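Student: Dropping a structure here in structure tokens format, bear with me for questions.
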Amino acid sequence: MLATAQFMVIMDTSIIGVALPEMQRELGFSQGELQWVFNAYVIAFGGLLLLGGRLSDLLGARKVFNAGWVVLIVGSVVAAAAQTAWVEVVGRAVQGVGGALIAPAAMTLLMILFAHDPKELGKAMALYGAAAPAGGTAGVFLGGVFTEWLSWPWIFIIYVPIGVATLAAIKLLPAVEPRRGRVDVLGAASVTAGLALAVFAIVRAEHVGWGSSATVLQLVGAAALLVLFFAIQKSTGQPLMPLGIWRVPRLGSANLAMTLLGAAWIPMWYFLNLYLQQVLGYGAFASGAALLPMTVLLMIFMTAITAKLLARFGAKPLIGGGLLVLAAGLLWLSAVEPTGSFAVDVLPASLVAALGMSLAYIPAMMAAMSGAPQEQAGLASGIVNTTYQVGSALGLAALTALAASQGAGQLGDLPALTDGFSAAFLGAAAIAAAGGLITLLVMRGDKAAVTARRADAPQSTGEQIGV
């Protein structure tokens with residue numbers, strides 16, 4: 001049930017991918033504005049995940065999980081019924097709020113359910129971890145099915161029956177007693193506004209110029225809001241994100257890796273889908289089906305192999321190596337041609353990229369979570385999910401601007417479109433490569449993995465999973 005929730009929340013970031021051309025035609029989005037269908041969700045999701053984690057710790061994870069599904073259902077109905085671009089963006093933002101409540105609560109419940117058995121926790125985390133990237137990639141395929149055979153609103157309608165079924169079965173999950181405390185509303189508002197303004201500035205820079213006073217003022221304002229957020233966290237008695245949590249071993253380096261992983265992976269499927277439809281001429285269903293091999297590889301590798309590699313070698317080499325493999329796949333994708341083909345230009349490179357994602361995602365998630373005490377499990381989950389989503393939004397905004405500068409906004413001009421998409425893939429490759437090198441240079445080694453190799457019976461959860 002929890003893995004399905006994670007699958008659905010992350011799928012919500014990608015299921016719109018295949019439907020974007022149809023939504024663009026019916027709702028009147030421009031090529032540059034189209035990314036707001038994605039970013040409205042991601043900004044609300046990423047910006048409010050810390051608040052979701054805090055609420056999960058204070059109010060009880062099951063209550064917050066339940067509330068999150070109610071909000072997600074409401075947002076899905078609004079997004080499905082939208083007749084104009086701005087209503088669609090509002091619906092997507094409401095969906096993001098629901099996701100921000102569901103994700104950290106689900107992680108907290110998972111840790112509570114399996115904390116007593118390190119071996120079972122490792123298995124559960126493997127399945128839960130695989131659900132996220134698999135949901136992201138499966139969303140592309142399912143979006144194609146709904147868009148081709150029904151209509152694009154069905155990509156949102158599907159959340160209603162699943163949400164209702166989840167709410168009906170909510171008592172399957174353990175009740176968690178709330179803790180005394182208060183919510184840092186000002187901190188939540190400042191960090192969400194800062195992230196949203198940063199993404200908005202990057203998106204608008206394509207049209208008004210990077211050196212324009214508007215862009216500079218918006219970026220300065222975003223930085224000021226984020227500085228204000230950290231000042232509030234330092235001064236308030238019950239902060240949204242106690243800064244002391246960053247003393248947890250490897251939390252910082254793991255979250256940096258997750259930021260760069262999201263900044264490379266999400267733009268890859270976004271532009272790959274546009275390449276398939278706008279350059280190769282694929283329909284919605286064919287485009288989604290073309291990315292199905294990545295989903296299969298992700299599910300098989302994450303559930304059957306990554307956990308074993310993690311226990312054997314530890315997180316650091318898998319995160320660093322996975323990001324470098326992802327970079328290699330993206331570099332390969334950057335060679336796409338206007339007259340290319342799926343078998344030559346897309347399939348092999350996308351499988352290499354998916355392999356890199358399979359290696360890096362779960363180890364980074366576990367490295368960020370493993371050192372946090374149970375009472376801060378929701379916070380740690382909120383932080384690591386936040387960094388991935390924020391990286392996704394900022395990466396997509398920056399690479400969309402890069403692609404547009406190289407011709408990706410010229411619909412119908414296949415060479416120009418391809419040049420723009422190629423530039424985006426190349427930029428994503430540079431981001432992934434930087435993440436891999438930084439991880440290998442900065443992250444602390446995995447002493448627990450060494451212990452696990454020397455003994456048949458690990459003595460703790462950290463030793464069991466090699467982090």
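None of the figures in this text is laboratory data; all of them are computed from the coordinates on show. All figures in this text were calculated on a predicted structure; none of them were measured in a lab. Backbone-built Cβ (ideal geometry, glycine too); neighbour counts: all protein chains shown.
Student: Quote to one decimal, in nm, the extra length available between Ala169 and Ile300 on full extension: 0.36 nm per residue of separation minus the C-alpha distance between them.
Tutor: Extending this stretch completely gives an extra 44.4 nm.
Student: Per-residue ellipticity at 222 nm for the chain, helices alone: DSSP H runs ≥ 4 residues times -39500 (n - 2.57), over residue total, nearest 500 deg cm²/dmol?
Tutor: When only DSSP H runs of four or more count, the value is -25000 deg cm²/dmol.
Student: Continuing with this model, one more query. Tell me the label-point distance for the pair Leu440, Arg247, using the 7 Å Cα-to-Cβ offset, in nm and rounded to one decimal.
Tutor: About 3.3 nm, to one decimal.
Student: Give me the compactness ratio for the chain, meaning the Cα radius of gyration over 2.2 N^0.38 Å.
Tutor: Values: Rg = 20.8 Å, N = 467, 2.2 N^0.38 = 22.7 Å.
Compactness ratio reported: 0.92.
Student: Taking only the alpha-carbon atoms of the range 243-356, what semi-axes of the equivalent ellipsoid follow from 5 times the gyration tensor eigenvalues under a square root, in whole Å, largest first?
Tutor: Values: eigenvalues 188, 49, 29 Å².
The three semi-axes for the range 243-356 are 31, 16, 12 Å.
Student: Oh, and also: For the range 184-239, calculate the relative contact order in percent as a whole number, restricting contacts to Cα pairs under 8 Å that are 6 or more residues apart.
Tutor: 48 percent
Student: Here's a follow-up. Compute the acute angle (0 to 90°) between the alpha-carbon long axis of helix 185-208 and the principal axis of greatest extent of the alpha-carbon atoms of the chain; round to the nearest 10°.
Tutor: Approximately 20 degrees, to the nearest 10.
Student: Treating the Cα atoms of the range 292-341 as identical point scatterers in vacuum, please give the log10 of the normalised Debye intensity I(q)/I(0) at q = 0.17, 0.20, 0.22, 0.26 Å⁻¹, two decimals.
Tutor: -0.67, -0.82, -0.91, -1.05
Student: Report the trypsin sites (Lys or Arg not before Pro) located in the range 150-238 that are in a DSSP loop and have at most 14 other Cβ atoms inside 10 Å of their Cβ, or state none.
Tutor: Arg179, Arg180, Arg182
Student: Now a separate question. Nearest 0.05, what FRET efficiency do Gln238 and Leu150 give at R0 = 45 Å with Cβ-Cβ as r?
Tutor: Step by step, r from the Cβ atoms, then E = 0.45.
Student: Dipole magnitude of the chain about its Cα centre, charges +1 at Lys/Arg Cβ and -1 at Asp/Glu Cβ only, in debye to the nearest 20?
Tutor: The dipole of the chain has a size of about 1540 debye.
Student: Hey, what's the per residue convex hull volume over the C-alpha atoms of the range 184-239, in cubic angstrom?
Tutor: Per residue, the Cα convex hull of the range 184-239 comes to 50 Å³.
Student: How far is helix 36-59 tilted, in degrees, relative to the longest principal axis of the Cα atoms in the chain, given as a value from 0 to 90 rounded to the nearest 10?
Tutor: Result, in degrees: 10.
Student: Which value results when the Cα radius of gyration for the range 85-165 is divided by 2.2 N^0.38 Å?
Tutor: Here the answer is 1.36, to two decimals.
Student: Separate question: Whole-Hz ³J(HN,Hα) for each residue in the range 315-323, computed from phi via Karplus 6.51 cos²θ - 1.76 cosθ + 1.60 with θ = phi - 60°, x for glycine and proline: what do you get?
Tutor: Here the 3J(HN,Hα) series is 6, 4, x, 6, 5, x, x, x, 5 Hz.
Student: Radius of gyration and Dmax for the range 31-164's Cα atoms, expressed in Å?
Tutor: Every Cα atom of the range 31-164 included, Rg and Dmax give 16.0, 51 Å.
Student: Another question, if that's okay. Taking the Cβ of Leu72 as the centre, find all other residues whose Cβ is under 14 Å away and add up their charges (Lys, Arg: +1; Asp, Glu: -1).
Tutor: Local charge sum for Leu72: 0.
Student: Quick one: work out Rg over Rh on the C-alpha atoms of the range 235-290, Rh as Kirkwood radius.
Tutor: So for the range 235-290, dividing Rg by the Kirkwood Rh gives 1.34.
Student: Could you please rank Met365, Met443, Met357, Met1, placing first whichever residue has the fewest other Cβ atoms within 10 Å of its Cβ?
Tutor: With the fewest neighbours first, Met365, Met443, Met357, Met1 line up as Met1, Met443, Met365, Met357.
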